[in-house]
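Enquirer: Structure below; questions to follow.
The values are calculated or read from the model by the stated rules, or taken from the named source; none is laboratory data. None of these values were measured; they are calculated from a predicted model. Cβ placement follows ideal geometry from the backbone for every residue including glycine, while neighbour counts extend to all protein chains displayed.
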Amino acid sequence: MKRRDFIKNSAILTASTYLPIAKAEIHDQQAISLTGDEIVLSKVDILDFMSSFQGSVIAEGHYNYEKARLVWNGVWNKKPALIVYCESVQDIQKAINFSREQNLLTAVRSGGHSISGKSTCDGGIIIDLSRMRKTNVDLQRKIATVEAGCTLYDLDSKTLPHGYVVPAGVVSHTGVAGLTLGGGIGSLMRMYGLTVDNLISVDIVTADGVLRKASLDENPDLFWGIRGGGGNFGIVTSFSYNLRPLPNGEIIVGVNLYDMKYAKEIWDFYYDYSEGMSSNIMLNAGMWNDDKTGQGYFFLGTLFIGDDNKASKALETITNFGNPMSDEVNKKKFSEHQQVADKRNAHYRKYYIKGRQIDEYNPKLTEELMERWSYEEGRFDTMRVVRFGGAISEVAESDTPWAGRNAKWDIEVGGHWTNDAKTEEYTQWGRDYWKALSPHCAERIYINELMDEDQAFVATSYGQNYGRLVEVKNKYDPKNLFSLNGNIKPSV
Ligand SMILES: Cc1cc2nc3c(=O)[nH]c(=O)nc-3n(C[C@H](O)[C@H](O)[C@H](O)COP(=O)(O)OP(=O)(O)OC[C@H]3O[C@@H](n4cnc5c(N)ncnc54)[C@H](O)[C@@H]3O)c2cc1C
């Protein structure tokens, strides 16, 4: 990353770090309860909470409130009653206890990248963990432990220089916490599994304010639930992962760029070829329009892990396919590769984007996709398909709540824009697009790709694992304090 960009990224990530405590500005505060009723948080109660809280408390009227309430997806222009920046596990416990006692609508924010805006809310509290970013890499035991406010960049920058990696997502400013709890898909998943498949344990404060460890040996029901069940059971304060080898922190990356007129034949090739690939190869396909010229591009992106000498042979069918405008295969630092898409996914633009899993390829999906693919000035459309399989499908469906172990692909389609006035129109465009695509996909979503699906679809997506998730929810969060997520409704 260029120095200038690094400084810019760091500024976004740490913009909240030095906010002063705003005691003088606290007054009785209108708020919204867990059940959606209007309530008042008294100044006395807020000050009492603040008196033992180490971090900062921000409310409307504070000079930094407008900045503090921003989340990655600018579509979610919400106004929380309070934003509390935790600096320790005790702070998290105090914030949870305050929320529960006040019966307050509660959002949890770590990296702030929830596409569906679940880490913010109108009238409730945001419990923010972005200041908790300690990391520890134990090379003897091959374990990385990170606090919940870390981004993927924080994690990668501590592991890759040692030739190890924790498989996670593909945009370096994404938060480790939300990504892991939803499952965690990325370019190494076919080789090393989902992020949750590499999780050893977490420290988590549950709705009763108690700090617990969850692992295969301690609170195994909770450990099962958090490996794909999202933020439903408590606030995770830190995650410990197994490190996986990535010698020299390097990979082989190939990119073929094609004219859009070949889209149909490339899609057919993609689905056919990617089914039989070995698990050390990842193949992505996608399209985008140049935002200035409107010119459409199609890309095939490959990533190979393994012996350099074997890469060109392993990738030759892909690199030789069709008539690319350009094709390149290079050895690359994985840390660089992880930042390639950072700018395209910049903070605070307005996004309508979501995904679905694909169990079997139906060419009608491509027909619908291409028929509706268009250029609209001011809206930047993107889409991609990634291949699942490999290590993902070696884990049984019931071993973790993450549903779709046998799904073959995952498709994401959407657009982003900056013009507020266009939000309604473009949101409708996204909905219409998905109405056409979804009949040709699995009736299941990777929970971290939710945009505006309803509760029934969350339950449908978890499939056979939903009932067990409800049991874990009943035990650790029976009043649904943690309701802003792909929600598991308690039944008690
Ligand atoms: C640009 C971009 C790129 C992405 N790329 C990928 C990708 O490659 N792979 C992938 O799998 N996903 C990806 N995602 C989806 C991503 O996994 C989710 O948006 C995820 O929720 C982000 O985590 P976060 O901590 O940044 O989010 P936040 O918005 O902070 O949190 C999202 C939700 O997670 C829960 N949560 C957050 N922190 C905690 C905590 N400490 N304890 C308990 N619950 C918590 C809460 O329910 C919260 O609503 C991407 C998203 C974006 C916006």
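Enquirer: Among the candidates Phe49, Phe53, single out the residue that is farther than 28 Å from Arg349 by Cα, more than 16 Å from the ligand (Cβ to nearest atom) and in contact with a Lys or Arg (Cβ under 6 Å, 6 or more places away or on another chain).
Expert: Result: Phe53 is the single residue among Phe49, Phe53 that is farther than 28 Å from Arg349 by Cα, more than 16 Å from the ligand (Cβ to nearest atom) and in contact with a Lys or Arg (Cβ under 6 Å, 6 or more places away or on another chain).
Enquirer: Still on this structure, I have one more. Show me the helices (runs of 4 or more DSSP H) found entirely inside segment 373-492 where at least 3 residues are touching a residue at least 60 places away in the same chain (Cβ under 8 Å).
Expert: The qualifying helices (runs of 4 or more DSSP H) are 423-437, 466-476.
Enquirer: Follow-up question, since we're still on this one. Looking at Asp420, Asp399, Asp432, can you tell me which residue is surrounded by fewer than 17 Cβ atoms within 10 Å (Cβ to Cβ), of a type outside the set (A, V, I, L, M, F, W, C), under 21 Å from Asn219 (Cβ atoms) and assigned by TED's automatic domain parsing to the domain that holds Glu367?
Expert: Step by step, each of Asp420, Asp399, Asp432 is checked, and only Asp399 is surrounded by fewer than 17 Cβ atoms within 10 Å (Cβ to Cβ), of a type outside the set (A, V, I, L, M, F, W, C), under 21 Å from Asn219 (Cβ atoms) and assigned by TED's automatic domain parsing to the domain that holds Glu367.
Enquirer: Please note which helices (runs of 4 or more DSSP H) are completely contained in segment 116-217 and include at least 2 residues that are away from the ligand (no atom under 13 Å from the Cβ).
Expert: So the answer is 152-159, 189-192.
Enquirer: Inside segment 11-41, can you point out the residues that are under 21 Å from Gly123 (Cβ atoms), at pLDDT below 95 and within 32 Å of the chain's Cα centre (by Cα)?
Expert: Once the filter is applied, which keeps residues that are under 21 Å from Gly123 (Cβ atoms), at pLDDT below 95 and within 32 Å of the chain's Cα centre (by Cα), segment 11-41 yields Ser16, Leu19, Ala22, Gln29.
Enquirer: Now a separate question. Starting from segment 44-65, take each residue that is outside the structural domain of Leu82 (by TED's automatic domain parsing) and among the hydrophobic types (A, V, I, L, M, F, W, C) and list its partners that are in a helix (DSSP H, G or I) and surrounded by 20 or more Cβ atoms within 10 Å (Cβ to Cβ), counting only C-beta distances under 6 angstrom and pairs at least six apart or across chains.
Expert: Matching pairs, first to second residue: none at all.
Enquirer: Right, next: Sort through Tyr297, Tyr348 and tell me the only one that's among the hydroxyl-bearing types (Ser, Thr, Tyr), farther than 23 Å from Lys264 by Cβ and not assigned by TED's automatic domain parsing to the domain that holds Gly169.
Expert: Tyr348
Enquirer: Kindly evaluate Glu87 against the criterion of being out of contact with any helix residue (DSSP H, G or I) (no Cβ under 8 Å at 6 or more places or on another chain), without any contact (Cβ under 8 Å) to a residue 60 or more places away in the chain and assigned to a helix (DSSP H, G or I).
Expert: So Glu87 fails the test.
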